[in-house]
Amino acid sequence: ITGIGSRGIGSNLNRVATAVVELNAASTAYVNEHDFDRMLPVLNGLGASNDSEGSWFDLSKARSGSECKDSMSSIAGPRVLLPLMFTCFHLLYDSDGVISRASSKALKAIVSTCLDQIQSSKEEQENSSHNAWLKFIESTFMPCLKVGIMAKNLPARRSFVLLVSHVSKLFKGFQSVHLYGDLECLIREDDPDQDF
């Protein structure tokens, strides 16, 4: 993926490729250990607000000026985030609690980013079938959650269920059946024992 990003296809694709490499960094001092010094800043950046450097929205924006040399370098939008999103889903299965929790926080942040971008584009909200962020969460993010709920790893499955809960809470007013807004009635924030 670093090779793809270094071919000059796009500065934001290069930034996403660099983030994926950092998320998969292995320790040079210990066998079968993560390089937390490289991983955690990327995960924390993804879990931050949209206006932060290294957030999902920041990585999805096309850069302008000297960084963009041709029309191919203007790849932007949520589709550029796919390798990074799939890496975060993979990290939910990690046995290290710090990594899996940070990855879960980052995936919750991409759901919030999608909602913010859908709501900020009023003209696209009326014709929601053309909104790239809505299409991204419906056709890419939610199928990953469906597969993850069937995981045999209990901590990972719990993370996937909590992500479905987060999506249904945020997208409760949307008409799309793919966003599970109708499950919002199962959310009980006042009683965690009965919360789904």
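The values are calculated or read from the model by the stated rules, or taken from the named source; none is laboratory data. Worth saying up front: this structure is predicted, and the values here are computed from it rather than measured. Neighbour counts are summed over all protein chains in view; Cβ atoms, including those assigned to glycine, are modelled from backbone coordinates with ideal geometry. In case anyone asks, the SASA skips ligands and DNA or RNA and just uses the protein heavy atoms, side chains included. Shrake-Rupley method; radii C 1.70, N 1.55, O 1.52, S 1.80 Å.
Scan the range 140-147 and tell me whether some residue there is of a type outside the set (Val, Ile, Thr), at pLDDT 90 or above and in contact with a Ser or Thr (Cβ under 7 Å, 6 or more places away or on another chain).
Within the range 140-147, none of the residues are of a type outside the set (Val, Ile, Thr), at pLDDT 90 or above and in contact with a Ser or Thr (Cβ under 7 Å, 6 or more places away or on another chain).
So that you can scan it fast, the table gives a plain yes or no per residue for (1) at pLDDT below 85; (2) open to solvent by 40 Å² or more (accessible area, probe 1.4 Å); (3) under 12 Å from the mean Cα position of the chain (by Cα):
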{"residue": "Tyr30", "(1), (2), (3)": "no, yes, no"}
{"residue": "Asp35", "(1), (2), (3)": "no, no, no"}
{"residue": "Ser55", "(1), (2), (3)": "no, no, yes"}
{"residue": "Ser71", "(1), (2), (3)": "yes, yes, no"}
{"residue": "Pro78", "(1), (2), (3)": "no, no, yes"}
{"residue": "Asp94", "(1), (2), (3)": "no, no, no"}
{"residue": "Cys114", "(1), (2), (3)": "no, no, yes"}
{"residue": "Glu124", "(1), (2), (3)": "yes, yes, no"}
{"residue": "His130", "(1), (2), (3)": "yes, yes, no"}
